[in-house]
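What follows is a single structure, written as structure tokens, with notes after it.
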Ligand SMILES: *Cc1c(COP(=O)(O)O)cnc(C)c1O
């Protein structure tokens with residue numbers, strides 16, 4: 001089938017982009033095979049989950065790593081390991097995945113949704129301060145799109161107020177803030193290996209921390225309340241089976257060596273598109289990193305359109321040009337079932353900011369410099385079309 005752009009013209013691109021996840025490499029095939037043949041398929045029996053947890057943690061500046069089922073439950077376990085539960089408030093950002101609120105609800109606590117700063121889309125100290133109550137126990141920072149949140153001011157405020165700092169790093173494998181890898185800059189951090197993430201085993205999650213007691217407790221909660229090295233049928237507390245399998249670790253271990261190169265490819269894309277925008281042909285911008293960013297891992301590239309742009313029309317026209325983009329998250333507090341369980345006061349001001357964003361997803365970013373040229377051409381064509389203006393006089 002021949003694709004047609006919005007006026008029946010030839011599209012800028014044929015619509016094929018790099019596959020995600022990429023084809024497994026030799027190291028992954030060999031390790032998955034080894035795990036399969038060993039018969040040790042569970043992390044209770046085989047070495048791979050612990051090996052991966054240790055290496056991933058070390059690469060993220062943490063002394064402890066705990067592999068588990070997924071990023072959503074990693075947030076839940078991190079909260080519970082720190083003793084957050086009924087009667088506690090947890091501050092979460094307004095612009096993030098729904099799991100940031102549901103994990104808090106699952107822990108029995110109340111999510112308090114704080115506005116993100118409109119320029120960088122991150123929580124900052126001022127926003128957290130405005131959302132504090134006398135029940136505030138923790139703040140969940142999200143390194144959105146691979147961009148590290150401003151950790152120094154957040155850690156400083158948290159230290160003054162006695163808050164736990166939990167870093168949701170599901171989108172930020174390998175990102176650094178002031179040269180420190182994200183995840184363990186605060187008290188405890190979580191990662192996801194779900195199929196859309198920068199490292200994936202289809203599903204999976206991991207907790208990192210430098211706190212011995214948090215690590216011990218998190219491991220126990222993921223292992224039916226056992227003590228590490230203790231009796232199989234000894235259970236110190238109520239816990240769950242949230243273990244990762246050895247097959248997942250076999251896919252993830254070799255990925256640690258590939259990650260830096262893949263981040264560079266996405267960075268090339270980001271820089272090439274930034275240059276094309278600065279060249280003046282494209283009425284849009286890329287959301288900027290806050291002060292302190294030393295490596296954005298470029299999980300997503302978030303574009304900001306001009307206020308008069310008809311975002312839905314632009315997304316349809318880009319799709320027709322072979323450059324599919326996403327509208328991204330709504331304000332977390334605008335999801336009715338979240339609003340039912342959270343304290344939130346969405347402001348039209350922030351809605352207006354969020355309604356001007358477009359996401360370029362990771363598979364497209366993996367096309368590097370050449371893909372960026374294609375995307376720039378499509379953006380220039382679509383955004384200069386008069387129909388892209390919603391309030392055109
Ligand atoms: C993907 C994601 C999660 C949840 O991870 P799962 O492994 O899918 O449960 C949580 N937070 C953010 C910001 C994410 O992007």
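Side notes on the structure shown:
- Taking the stretch 178-195 as the range and being within 15 Å of the ligand (Cβ to nearest atom), within 15 Å of the chain's Cα centre (by Cα) and buried (at least 24 other Cβ atoms within 10 Å of the Cβ) as the test, the residues that pass are 182, 183, 189, 190, 191, 192, 193.
- Qualifying residue in the stretch 260-282 (condition: within 28 Å of residue 138 (Cβ to Cβ) and either assigned by TED's automatic domain parsing to the domain that holds residue 363 or within 16 Å of the ligand (Cβ to nearest atom) (or both)): no
- The residues of the stretch 334-344 that are touching a residue at least 40 places away in the same chain (Cβ under 8 Å) and outside any strand (DSSP E or B), listed by number, are 335, 338, 341, 342, 344.
- A single entry from 327, 300, 305 fulfils the requirement of being touching a strand residue (DSSP E or B) at 6+ places or on another chain (Cβ under 8 Å), crowded, with 18+ Cβ neighbours inside 10 Å and more than 17 Å from residue 147 (Cβ to Cβ): 305.
- Residue in the stretch 96-107 that is away from the ligand (no atom under 16 Å from the Cβ), over 17 Å from the mean Cα position of the chain (by Cα) and outside the structural domain of residue 352 (by TED's automatic domain parsing) present: no
- Test: residue in the stretch 67-75 that is modelled with pLDDT of 95 or more, more than 29 Å from residue 116 (Cβ to Cβ) and in the same structural domain as residue 250 (by TED's automatic domain parsing): yes
- Within the stretch 155-166, considering residues that are more than 16 Å from the ligand (Cβ to nearest atom) and buried (at least 16 other Cβ atoms within 10 Å of the Cβ), the one farthest from residue 56 (Cα to Cα): 157
- Qualifying position, being away from the ligand (no atom under 12 Å from the Cβ) and touching a helix residue (DSSP H, G or I) at 6+ places or on another chain (Cβ under 9 Å), among 250, 198: 250
- Test: residue in the stretch 167-177 that is at positive phi, more than 11 Å from the ligand (Cβ to nearest atom) and out of contact with any helix residue (DSSP H, G or I) (no Cβ under 6 Å at 6 or more places or on another chain): no
- Residues in the stretch 331-355 that are buried (at least 16 other Cβ atoms within 10 Å of the Cβ) and in contact with a helix residue (DSSP H, G or I) (Cβ under 7 Å, 6 or more places away or on another chain): 331, 332, 333, 338, 339, 342, 344, 346, 355.
- The set of residues from the stretch 122-146 being away from the ligand (no atom under 16 Å from the Cβ), crowded, with 22+ Cβ neighbours inside 10 Å and in a loop (DSSP other than H, G, I, E, B) is empty.
- Residues in the stretch 35-54 include at least one that is in contact with a helix residue (DSSP H, G or I) (Cβ under 9 Å, 6 or more places away or on another chain), surrounded by 24 or more Cβ atoms within 10 Å (Cβ to Cβ) and closer than 26 Å to residue 265 by Cβ.
- Hey, residue 256 touching a helix residue (DSSP H, G or I) at 6+ places or on another chain (Cβ under 8 Å) and surrounded by fewer than 21 Cβ atoms within 10 Å (Cβ to Cβ) or not: yes
- The residues of the stretch 40-79 that are part of a loop (DSSP other than H, G, I, E, B) and away from the ligand (no atom under 12 Å from the Cβ), listed by number, are 40, 41, 43, 44, 45, 46, 47, 60, 61, 62, 63.
The values are calculated or read from the model by the stated rules, or taken from the named source; none is laboratory data. The shown structure was predicted, so the numbers you read here are calculated from the model rather than taken from an experiment. Glycine gets a Cβ as well: all are built from the backbone with ideal geometry, and neighbour counts include every protein chain shown.
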